[in-house]
Amino acid sequence: MAKINSNIVKRIAIVKLSALGDVIHALVALQFIKKHLPSLQIDWIVEASFASVLEGSPHINAIYKVNLKNIKKDKFSIFKQIKVIREISKNKYDMVIDAQGLFKSALVSKLLKSKVVGFDKHSIRESIASSFYTHKVSIPYESNAIDRNVKVIGQALDIEIKREDILNKKAFLFYKNEDKMIYDFISKNQKNILFVVGASKKNKMYSKEKFATIIKELNSNSLIIWGNQEEKQTALFIASKSEARVLPKIDLNSVKALISKVDLVIGNDTGPTHMAWALNVPSITLFGNTPGYRNTYTTNINQVIESDSKVNPLCLDKNDFSIREIEEEKIIKLAKSLLDG
C-alpha cells in the first residue's frame, strides 16, 4: 500500500456499517490507535440499528448514523441517505477507512471525499469495492475477521497491532443509563449464565431442546435474551423445559451492561456472544456452518465448540445445520471448567 503520512492525519472516519459482531471486530483496534495517536479524532459511520454498541466509547469522537438497509424497502430513500453522507463529508476528513469491504460501504467512503483506505480486490467478497479506494491493504479474505479489521485500520495509520496486543486488550464496550431492571435477574447466590439462543440465520442456531438440557445440568441462574418474536418463542420453549428465566426485550446498551455482570455467556455465532469477548467475560461460542477460527479469538476464558462440519469460508453451505449435532456434554463440561476457573 502506498504510504500516507500519518503525521498530518488529524481526523479520520471509519466506515463499518454492520452487523453487530463485525462492528465489534473492528472496534477493538481503536484502543491501540489511540495509544499511538492520542490526539487523533476518530468518527464512525454505522447503520443506525447498531450505533448503540459504539456509544460510550472514549475512543470515538462522533458517531454518524445511516440507514442504508431501508433502501431495500424504499428505493427512493437513497436520496435522503446521500444527503446525510454529503453532510458528514463537510467534516473534511484527512482519511477514510472502509473496514467493511462491500460496494455500499465503499460508496459511502468515496462520497466522504477524501483519501480512502480499504482492502484490495483479492481480499474482499465484493471486489468492485476496491476500485473506490485510493490506498489498498492486502490480507486473505479467509483470514480471521478480527485480524482483517485490525490490519486495515492499523496499516492505514502506519501502526502495527500485534496478536499479543489483542489477546491482552482492555474491555472496549461501555454503557450508561442502562435499564436497571436487568439487575433484578442477577443472582448473588448462584453463578449467572447468559444464553444467546438466536442468530441471523436458522442454520447458525443451536438446538433449543439441547439448550434446555444444558441449562438443567448446569444448575445455575440461567438467563435468556432475545431480539425478535421468533427468538422469544425459542426462549420461552427453553424456559418451559428448564429453570431458565427469559428477560423482557432489552436494548443493546442494556445488553452490554447485562453481559458485563454475568459469569459466562453461551451462545451461537452472533453479536451478543461476541460482546462477551469484547468485555473480557468468559464465553462459549458455538459454530456449525461458519468457521470458528475466522469469526472469533480464543483465549483462556473465551472458547469455541465447533461441529464436525468442514467449512469453506469462501462458500458457506446454506444447508449445513451441523451446529445442532454438537453434543450437550461437550458444552456442559467446558462450561463447568470456565465457571470453576
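The values are calculated or read from the model by the stated rules, or taken from the named source; none is laboratory data. These numbers were taken from a predicted model, which means no experiment stands behind them. Positions of Cβ are backbone-derived with ideal geometry, glycine not excepted, and every protein chain shown enters the neighbour counts.
So how many residues does segment 206-250 have that are hydroxyl-bearing (Ser, Thr, Tyr) and over 20 Å from ILE305 (Cβ atoms)?
Residues flagged as hydroxyl-bearing (Ser, Thr, Tyr) and over 20 Å from ILE305 (Cβ atoms) within segment 206-250 amount to 1.
Give VAL281, VAL262 a once-over and let me know the one that is in contact with a helix residue (DSSP H, G or I) (Cβ under 7 Å, 6 or more places away or on another chain) and hydrophobic (A, V, I, L, M, F, W, C).
VAL281
If TYR93 passes every condition in (1) within 15 Å of the chain's Cα centre (by Cα); (2) among the aromatic types (Phe, Trp, Tyr); (3) assigned to a loop (DSSP other than H, G, I, E, B) but one, which one does it miss?
(1)
Would you pick out the residues in segment 166-193 that are surrounded by 14 or more Cβ atoms within 10 Å (Cβ to Cβ) and touching a Lys or Arg at 6+ places or on another chain (Cβ under 9 Å)?
The answer is LEU173, PHE174, TYR175, GLU178, ILE182, PHE185, ILE186, ASN192.
Could you say which residue among TYR175, TYR133, TYR141 is outside the structural domain of HIS25 (by TED's automatic domain parsing) and touching a residue at least 12 places away in the same chain (Cβ under 8 Å)?
Just one listed residue meets the conditions, TYR175.
Restricting to segment 308-341, name every residue that is farther than 27 Å from LEU218 by Cα and not β-branched (Val, Ile, Thr).
Scanning segment 308-341 gives LYS310, ASN312, PRO313, LEU314, CYS315, LEU316, ASP317, LYS318, ASN319, ASP320.
Could you please find all residues in segment 319-341 being closer than 17 Å to MET205 by Cα and either surrounded by fewer than 17 Cβ atoms within 10 Å (Cβ to Cβ) or under 25 Å from the mean Cα position of the chain (by Cα) (or both)?
ASN319, ASP320, PHE321, SER322, ILE323, ARG324, GLU325, ILE326, GLU327, LYS330, ILE331
For segment 164-209, which positions are assigned to a loop (DSSP other than H, G, I, E, B) and of a type in the set (Phe, Trp, Tyr)?
Matches in segment 164-209: PHE172, PHE174, TYR175, TYR206.
For segment 232-246, how many residues meet the condition of being surrounded by 20 or more Cβ atoms within 10 Å (Cβ to Cβ) and of a type in the set (D, E, K, R)?
Here the count works out to 0.
Name the pairs: first residue in segment 264-278 and under 19 Å from LYS169 (Cβ atoms), second residue among the aromatic types (Phe, Trp, Tyr), Cβ to Cβ under 6 Å, at least 6 apart or on different chains?
From segment 264-278, the pairs are ALA278/PHE172.
Condition first: of a type in the set (A, V, I, L, M, F, W, C), touching a residue at least 60 places away in the same chain (Cβ under 8 Å) and in contact with a strand residue (DSSP E or B) (Cβ under 6 Å, 6 or more places away or on another chain). Now tell me which residues in segment 205-251 satisfy that.
Result: MET205, LEU247.
How many residues does segment 56-81 hold that are surrounded by 13 or more Cβ atoms within 10 Å (Cβ to Cβ), in contact with a helix residue (DSSP H, G or I) (Cβ under 7 Å, 6 or more places away or on another chain) and outside any loop (DSSP other than H, G, I, E, B)?
Total satisfying the criteria: 9.
Could you grab the pairs with beta carbons closer than 6 Å, sequence gap of 6+ or different chains, first residue in segment 49-69 and more than 17 Å from ASN253 (Cα to Cα), second one small (Gly, Ala, Ser)?
ASN67/ALA48
Among the residues of segment 134-163, what is the count of those that are part of a loop (DSSP other than H, G, I, E, B), out of contact with any helix residue (DSSP H, G or I) (no Cβ under 7 Å at 6 or more places or on another chain) and surrounded by 15 or more Cβ atoms within 10 Å (Cβ to Cβ)?
Going through segment 134-163 one residue at a time, the tally reaches 2.
Is it the case that SER130 is part of a helix (DSSP H, G or I), crowded, with 16+ Cβ neighbours inside 10 Å and more than 22 Å from the chain's Cα centre (by Cα)?
So SER130 passes the test.
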